[in-house]
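Before any comments, here is the structure.
What follows draws every value from the coordinates through simple rules; no lab data is involved. Values in this document were obtained by computation on a predicted structure and should not be read as measured data. Note: ideal-geometry Cβ built from the backbone for every residue, glycine included; neighbour counts use all protein chains shown.
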Amino acid sequence: MALHRNGNEVILGTDKGEVHIWDTRNSKVRTVATEINGGPIHSLAFNLECTSLAAVNSAGQLITWSLPCSVASELHGKQVTKVHSSYGLKVRFSPDSTLLATCGADGKFCLLKTADYSVTLSQDGTKNSGRLAWVWDCAFSADSRFLITATSDGIARLWNLETGDNLVEYKGHRSAITCLAFRD
């Protein structure tokens, strides 16, 4: 689910792979079928300017739309990019809207340039853990230079996005970390 910054539109992803746009002023809904056999939508996100909407699904696909009028009901230019070999779990735009990160059940996080949605980094998000663990969630630093990830191996990791280096591992959790919030 994502709330448009205009406060008038709520975007929901369904288990059928559809995107529903609800107008909160009149309780009307518009369905945007993704027309992709990718299964359920797991995460949705707007960029800061609300000019782009992104979704990830069970097939590991990133689906992006442009919003030329900054109105969700005006979705255009759907683009599909395969970013994970398994479930896509989370999608987030960077604060400066130049990057987009996805997290997946394949143990990876991907970083894409929003100018053309090309993958600039596909990183094992469970580096050195010795086993495959899902990367459930992520959050960007305020300057868009760092990413912190939450994984099912119980470790949160801080990444330098310019080098791809894992700078810090935050250990001590006894079970999976499935979500996080980050403020710097």
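Just to be sure I follow the definition: excluding the sites themselves, where is the longest run in the chain that has none of the GluC sites (Glu not before Pro) in a DSSP loop with at most 14 other Cβ atoms within 10 Å?
Excluding the exposed sites themselves, the longest stretch runs over 50-161.
Exceeding 30 Å between C-alpha atoms, which entries from my cross-link table qualify? They are Lys16/Lys171; Lys78/Lys171; Lys90/Lys171.
From the list (Lys16/Lys171; Lys78/Lys171; Lys90/Lys171), the Cα-Cα distance tops 30 Å for Lys16/Lys171; Lys78/Lys171.
Taking amide hydrogens as modeled 1.01 Å from N in the peptide plane, which residues meet the under 5 Å criterion relative to Asn57, leaving out close sequence neighbours?
Amide H to amide H, under 5 Å and 5 or more residues apart or across chains, Asn57 pairs with His42, Gly88.
Between the stretch 1-44 and the stretch 160-184, how far is it from one alpha carbon centroid to the other, in angstrom?
29
Tell me which residues come under 5 Å, amide H to amide H, from Lys108 once H is placed; ignore anything under 5 positions away on its chain.
Gly125, Val135
State, as an integer percentage, the relative contact order of the chain based on alpha-carbon contacts under 8 Å between residues 6 or more apart.
11
Along the stretch 117-122, what does the Karplus equation 6.51 cos²θ - 1.76 cosθ + 1.60 (θ = phi - 60°) give for ³J(HN,Hα), rounded to whole Hz, x for Gly and Pro?
Ordered by residue, 3J(HN,Hα) equals 6, 8, 6, 9, 8, 10 Hz.
Hey, got the dipole for the stretch 2-130? About the Cα centre, +1 on K and R Cβ, -1 on D and E Cβ, debye to the nearest 20?
Approximately 120 debye in magnitude.
Starting from 0 in steps of 10 Å, tell me what percent of the Cα-Cα pairs of the stretch 125-184 lands in each bin.
Result, from short to long distances: 25, 57, 17, 0 percent.
Between Thr51 and Thr98, what FRET efficiency comes out of the Förster formula 1/(1 + (r/R0)^6) with R0 = 22 Å and r the beta carbon distance, rounded to 0.05?
FRET efficiency, Thr98 to Thr51: 0.95.
Just name one of Leu89, Thr14, Asn37: the one whose Cα is farthest towards the positive end of the charge dipole of the stretch 2-130 (beta-carbon charges, Lys/Arg +1, Asp/Glu -1).
Value computed over the given set: Leu89.
Calculate the tail of P(r) for the stretch 1-116: the fraction of all Cα-Cα distances greater than 26 Å, expressed in %.
12
Picking from Thr98, Thr51, Thr178, whose Cα lies most toward the positive end of the charge dipole for the chain (charges on Cβ: Lys, Arg +1; Asp, Glu -1)?
Thr178
Could you derive backbone 3J(HN,Hα) for the stretch 50-59 from the dihedral phi with the Karplus parameters 6.51, -1.76 and 1.60 (θ = phi - 60°), listing whole Hz in sequence and x where the residue is Gly or Pro?
Once θ is set to phi - 60°, the couplings for the stretch 50-59 become 6, 9, 9, 10, 10, 9, 10, 10, 5, 8 Hz.
Thr24's amide H: which non-local residues (gap 5+, or another chain) put their own amide H closer than 5 Å, with H modeled 1.01 Å from N in plane and none for Pro or chain starts?
Excluding prolines and chain starts, which carry no amide H, the hits are Glu9, Val10.
Select from the stretch 75-114 those trypsin sites (Lys or Arg not before Pro) which occupy a DSSP coil region and have at most 15 other Cβ atoms within 10 Å, ordered by residue number.
When the trypsin sites (Lys or Arg not before Pro) of the stretch 75-114 are filtered for loop state and at most 15 Cβ neighbours within 10 Å, nothing remains.
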